[in-house]
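Here is the structure we will look at.
The values are calculated or read from the model by the stated rules, or taken from the named source; none is laboratory data. Being a predicted model, the structure only gives us computed values, none of them experimental. Neighbour counts are summed over all protein chains in view; Cβ atoms, including those assigned to glycine, are modelled from backbone coordinates with ideal geometry. Only protein heavy atoms, including side chains, enter the accessible area calculation; ligands, DNA and RNA are left aside. Shrake-Rupley method; radii C 1.70, N 1.55, O 1.52, S 1.80 Å.
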Amino acid sequence: MAGIVRRHWLATVPMLLLTILVVGLLESGRPVVYDASSSLLLASPEVDPGRFPDSESTLRTLAERLGGSSMDDELGWDSDDLQAVTVDERTLELIVRGPSTSETRERLADVSEWIGEILTSMQAAAGYAPADRIRMRVIAPDPVPVVDVAGVFEASALIRLEDAGPADANPYGSSASTLRLLQVTASSDRGQQRLRASVGDDAEVQVHVDPRDPAPVIHVTAYGLLPESTLNAVLAGQRFLEEEIEARQDRAEVPQSARVWLDPLSRPVEANRLTPLVGTSSLLALAAGSVLAVGVAAAVDWRVRRRRPPPPRTAPIDAH
């Protein structure tokens, strides 16, 4: 067959050139797709109990301060006008007395504000960061005073101390549920619109969480028509997830010390080409063209052989 093709190259070469032209046209119209991916770990803050104030000792200090002799000078009240009762290790009950309903309610508001100022100054003097400080919550801040048999009005409220530690302050933990929330957000119509606005029409971003992975890891995969746009799409997907978890923690007013964040485990250096060098249609066209070229050469060779005159017959040699 090689000899036939070589002898009749004038018939085979045009067929092969035509095949190459068809393959070139098919390849020029076939888009090339690239992909790139990265993995991010949802990291949680390392909690150091020593950096957070102790609510029980803080409450004892407040109770002692309220029962001290300096209270008369700081508030200008009689010592019988205020009583502080410890309910538990986090709660203090304030009982305020006054000559009238309005005066009693005003005194209760003043002492609650005063306690808040004391709490702030104590923790600031101890060097605690604002995000790590104990918060004060006033329960029943505007009560209706009652009058006792002596004609003195009395009102009460509870002062509750709440820790600002990560366990109490962040509803978004380093868990699979938080990752699943991010995945659903990225896959939603709103999320896809935001991603398309960042990456354009030349790339697409997908977010995936493996439920079998014991570590809280989320994967960002991008598909694009150019290597540069594919790599940029991966970075855009990472920024989207980072901005989303930050925005949610902002709305929840999570202190910085309690926030989770996305720590990149791997970043793509270059995009991978997914599209094969030669497509299936091109391979079929190349195979069909090659078979056709060989067939044409074989047909031409057969016709040439038919037109060639047969060799003359030689008479047998008589031995006699």
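The table for this structure:
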| quantity | calculated |
| --- | --- |
| Ile139/Ser290 FRET efficiency (R0 51 Å; Cβ-Cβ; nearest 0.05) | 0.05 |
| Full-extension gain in nm, Glu270 to Glu89, via 0.36 nm per residue minus C-alpha separation | 59.4 nm |
| Rounded percent of accessible protein surface that carbon and sulfur make up, the range 213-254, 1.4 Å probe | 54 |
| Burial ranking of peptide ranges 155-162, 84-91 (average Cβ count within 10 Å, highest at the top) | 155-162, 84-91 |
| Probe 1.4 Å, accessible area per residue of the range 167-263, Å² | 53 |
| Extension gain from Ala215 to Ser57, taking 0.36 nm per residue of separation minus the Cα-Cα distance | 53.2 nm |
| Distance from the range 192-240 to the range 251-265 (C-alpha centre basis), Å | 21 |
